[in-house]
1. Show me the ranking of peptides 343-350, 204-211 by mean Cβ neighbours inside 10 Å, starting with the highest.
2. To the nearest 10 square angstrom, how much accessible area does Thr288 have with a 1.4 angstrom probe?
3. Roughly how many nanometres apart are two label points built 7 Å out from the Cα toward the Cβ at His88 and Ser113?
4. Considering only protein heavy atoms, what per residue accessible area in square angstrom results for region 1-56 with a 1.4 angstrom probe?
5. Give me the 1.4 Å probe accessible area per residue for region 64-206, excluding ligands and nucleic acids, in Å².
6. Would you list Arg215, Arg59 from the most to the least accessible area, probe 1.4 Å?
7. How would you rank 5-15, 136-146, 21-31, highest first, on the average number of other Cβ atoms within 10 Å across their residues?
8. Roughly speaking, to the nearest percent, how much of the chain's 1.4 Å accessible area is carbon and sulfur?
Amino acid sequence: MNHYPIAIIGAGLGGLTLARVLHLRGIDSAVFDLESGPTARTQGGMLDIHEDSGQIALRAAGLYDEFRALVHQGGEETRVLDRNAVVHLSEQDTGDGDRPEIDRGQLRDLLLSSIPKETIRWGAKVRSAHPLPDGRHEVHLVDCTHFTTDLLVGADGAWSKIRPLVSNATPAYTGVSFVEFDLHDADNQHAKAAETVGGGMMFALSADKGFLAHRETDNSLHIYAALRVPENWSASVDFSDDHIAKKILLEHFSDWDESLRSLIVEAHSSLTPRPIHALPIGHSWSRTPGVTLLGDAAHVMSPFAGEGANLAMLDGAELGEAIASHSGTEEGLAAYEERLFPRSAASAQQSADGLDMCFGENAPQGLLDMFNSHA
C-alpha cells in the first residue's frame with residue numbers, strides 16, 4: 001500500500017494553492033483528482049480576485065506577478081440593468097480596482113505549472129476514507145486501489161468525500177438555480193448582446209430572477225440565467241433538448257426586454273442547470289486528528305459575495321503556511337482552523353444576504369444601494 005505524508009484530495013484552486021505553498025517550503029504533497037487530466041473539462045468563466053483574500057494567497061504562492069500579467073484588462077467594468085434593460089449603473093474599468101478579473105482556466109493552469117507534474121495523480125476518484133488506529137487515514141479509490149496518509153486534506157468541493165470524517169453537515173438548496181450557457185464570438189455574431197453585457201460583468205435583475213453575465217478573454221459571453229424555483233425544477237426540464245430547454249426558460253422571462261431574452265435565444269452552447277447549494281452559515285467541526293478541509297468542502301456558499309474561489313485559495317495558502325511554521329501537524333491544523341471558521345462564517349453570511357439582495361422584491365435596487373454605499 002502506498003503511503004503519503006500529506007494527501008490533498010482535489011486539484012481545484014484551493015488544493016493547488018496548498019500544494020504550491022508547501023512546495024515552496026520544501027514540503028512534498030500528493031494531489032488526487034477525479035478528472036482524467038488537466039484538460040478534461042472547461043474550468044468556468046471569469047473570477048474577480050480580491051485584494052484581501054485571493055491576492056494574498058497568490059503572493060504567498062509566489063505567483064502574484066504572473067497573475068497580474070494574465071489579468072483581463074477591462075474586466076472590472078460593471079453594469080446593472082432592470083428587466084426592461086434600463087441601465088441603472090455603468091462603471092468603467094479604470095485599471096486601479098482591487099478586484100481584477102482573470103480567466104479561471106488560466107489561473108488554474110498557472111497553479112498547475114508551478115508544482116512538479118508528479119505531484120498530481122489524475123483519474124483518482126475517492127470512494128471512501130476512514131481513520132486508522134494510529135492516527136493516519138486510509139483512502140479508497142474507485143479503481144480499487146488505496147493508500148494511507150498522515151495528513152488528509154479535503155479540497156474536493158461541495159460534495160466532499162472527506163467532509164464526513166469531521167462533520168455530518170451537507171449542503172442544502174438555497175432556493176435559486178442557475179442555467180449556464182455561452183454566446184461565442186460575441187462582437188461579430190452577437191453585437192446586440194455584446195453591447196448589452198458590456199466589457200465586464202452585467203447584472204440584470206428583478207424579483208426572483210435575473211441574468212448574470214460576463215465577457216471572457218476569448219470574446220465570448222458567459223451567462224447565467226437565475227431563478228427562484230423549487231429544488232426539483234431542473235430535473236423537470238429536459239436539458240438534453242436545447243429547443244425545449246430554451247422554450248421553458250424563456251417562459252420565465254416572458255415579460256422581459258427582448259434584448260435580454262435574446263441572450264437565451266442566441267445561446268450557442270447547451271443550457272446546463274446549476275442548482276445552488278450552501279453549507280450552514282458558521283459550519284465548523286471539532287479538531288479531528290490528521291484531517292482537515294478547505295474551500296467548498298469546508299464552506300460552500302452561494303456565489304453572491306464572489307468569495308468562493310478567493311477563500312479556497314486563501315485557505316490553501318494559510319494551511320500550507322500553518323503546516324510549515326508549526327513543529328507539530330496538529331498544532332498547525334488547530335491554528336489554521338482557528339482563522340478559517342470565523343472568516344468562513346462571515347463570508348457565508350454575506351453570500352446569503354447577497355442572494356436575498358439580488359432577488360428581493362425591489363431588485364435591482366438592493367444591489368444599486370450596495371454599490372453606491374461602497375462608492
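1. Values: 343-350: 18.2, 204-211: 22.1.
Sorting 343-350, 204-211 by mean packing, highest first, produces 204-211, 343-350.
2. Approximately 30 Å² of Thr288 is accessible to the 1.4 Å probe.
3. Between His88 and Ser113, the label points sit 4.2 nm apart.
4. Values: 2310 Å² over 56 residues.
In whole numbers, region 1-56 has 41 Å² accessible per residue.
5. Numbers: 6560 Å² over 143 residues.
Dividing the accessible area of region 64-206 by its residue count gives 46 Å².
6. Arg59, Arg215
7. Top of the packing list down: 5-15, 21-31, 136-146.
8. 49
The values are calculated or read from the model by the stated rules, or taken from the named source; none is laboratory data. Computed from a predicted model, the values in this text were never measured in an experiment. Cβ sites come from the backbone with ideal geometry, for glycine too, and all protein chains shown count toward neighbours. With ligands, DNA and RNA removed, areas are computed over all heavy atoms of the protein, side chains included. Shrake-Rupley method; radii C 1.70, N 1.55, O 1.52, S 1.80 Å.
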